[in-house]
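Input: a single structure, listed below in structure tokens.
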Amino acid sequence: MKTIARKIMAMVIAASFCFGLASCSKASKGSKLNTVAAGKLTMATNAQFKPYEYHEGDKIIGIDAEIAKAIADKLGLELVIEDVPFDSIIAGVQAGKYDIGCAGMTVTEDRLKSVNFSTSYATGIQSIIVKEDSPIKSIDDLLKGDYKVGVQSGTTGDIYMSEEDGGVGEGRIDRYNSGNDAVIALTSGKIGAVCIDNEPAKSLVAANPGLKILETPYTEEKYAIAVNKSNEALLAEINKALEELTKDGTIGKIIEKYIPSK
Ligand code: GLN
């Protein structure tokens, strides 16, 4: 009798301990995953890409920050965000410095040689920002002229614009650490246009009077989360979490919060 009572007591204590941890299964799932820092999901981003990631006070917020937090919660891991230059994210994930790169990052053939990507959770398209009174009225004007184009270093905008065929060519590219730095160069007349993803382009135009966005013929890019090639277990868990978060409407709600459809 006494031992049974003890056993029950032990079970009750174990159960309430589990309850205290919020969820036993989540905690044990997190501990099984191999991450850069135990119990943590270390995410590299470049937090100058509103509405995907940006600073608000001492916090980094945005679509990617919230989606990554929702994934980390499902995995029983604590999300840690590292704000680094965009062009160091892939190399850092590849080198095992960060678990994931989540930065409005487009899946490209070239990047797939260095990292794996999760299923896509959003899309983007390259936009061209010019001054409202610019003689550049179309992408053709931009390509034919001799204007300098500002890009964020290492982005798909950089890659497309640097091409001789379809872009303006290497000689007319000015590379910046952020879209905002490129826009400062545009407003001061140093460059003729900025090429950047459409949602950050809208945010930059909204924040800087006297600018507008040109229609572009570029194809849609798929944003996904970069994961180290050797960590297939983490990739599988992220994809599972993304599927659940899509199905239950969480991803849709996060995107709608930052990019209202009306
Ligand atoms: N989508 C672009 C890319 O992946 C830009 C991303 C960014 O600047 N954060 O290159």
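So which pairs qualify, if the first residue must be in region 199-213 and touching a residue at least 24 places away in the same chain (Cβ under 8 Å), the second must be within 12 Å of the ligand (Cβ to nearest atom) and open to solvent by 70 Å² or more (accessible area, probe 1.4 Å), the Cβ gap must be under 7 Å, and the two must be at least 6 apart or on different chains?
From region 199-213, the pairs are Pro200/Lys50; Ser203/Lys50.
Identify, please: which residue in region 169-198 is within 14 Å of the ligand (Cβ to nearest atom) and open to solvent by 30 Å² or more (accessible area, probe 1.4 Å) and is, among those, nearest to Gln126 (Cα to Cα)?
Across region 169-198, the extreme among qualifying residues is Asn198.
Restricting attention to region 135-161, which residues are away from the ligand (no atom under 16 Å from the Cβ) and either open to solvent by 10 Å² or more (accessible area, probe 1.4 Å) or of a type in the set (Ser, Thr, Tyr) (or both)? Working first, answer last.
So the first thing to find is which residues in region 135-161 are away from the ligand (no atom under 16 Å from the Cβ), and the list is 135-148.
Those that are away from the ligand (no atom under 16 Å from the Cβ) and either open to solvent by 10 Å² or more (accessible area, probe 1.4 Å) or of a type in the set (Ser, Thr, Tyr) (or both): Pro135, Lys137, Ser138, Ile139, Asp140, Asp141, Leu143, Lys144, Gly145, Asp146, Tyr147, Lys148.
With the condition being closer than 21 Å to Asp174 by Cα, I'd like the helices (runs of 4 or more DSSP H) fully within region 54-164 carrying at least 2 qualifying residues.
Numbers: elements: 63-75, 89-94, 109-112, 139-144, 156-162.
Qualifying helices (runs of 4 or more DSSP H): 139-144, 156-162.
Are there any pairs, at least 6 apart or on different chains, whose C-beta atoms fall under 7 Å, with the first in region 147-158 and free of Cβ contacts under 8 Å to residues at least 40 places away in the same chain and the second within 7 Å of the ligand (Cβ to nearest atom) and not in a helix (DSSP H, G or I), and if so, which?
Filtered contacts from region 147-158: Asp158/Gln152.
Pick out the one residue from Glu164, Glu132 that is more than 15 Å from the ligand (Cβ to nearest atom), among the acidic types (Asp, Glu) and either touching a strand residue (DSSP E or B) at 6+ places or on another chain (Cβ under 7 Å) or open to solvent by less than 40 Å² (accessible area, probe 1.4 Å) (or both). Even if it seems obvious, please write down each step before you answer.
Working: Glu164 fails: either touching a strand residue (DSSP E or B) at 6+ places or on another chain (Cβ under 7 Å) or open to solvent by less than 40 Å² (accessible area, probe 1.4 Å) (or both).
None of the other options fit; the residue is Glu132.
For region 221-228, indicate whether the set of residues that are at positive phi and not in a helix (DSSP H, G or I) is non-empty. If you could, list the steps in order and put the result at the bottom.
At the first step, the residues of region 221-228 found to be at positive phi are none.
The answer is no, given that none of the residues of region 221-228 is at positive phi and not in a helix (DSSP H, G or I).
The values are calculated or read from the model by the stated rules, or taken from the named source; none is laboratory data. The structure displayed is predicted, hence computed values, not measured ones. Every residue, glycine among them, receives a Cβ derived from its backbone with ideal geometry; neighbour counts consider all protein chains shown. All accessible areas refer to the heavy atoms of the entire protein, side chains included, with ligands and DNA or RNA removed. Shrake-Rupley method; radii C 1.70, N 1.55, O 1.52, S 1.80 Å.
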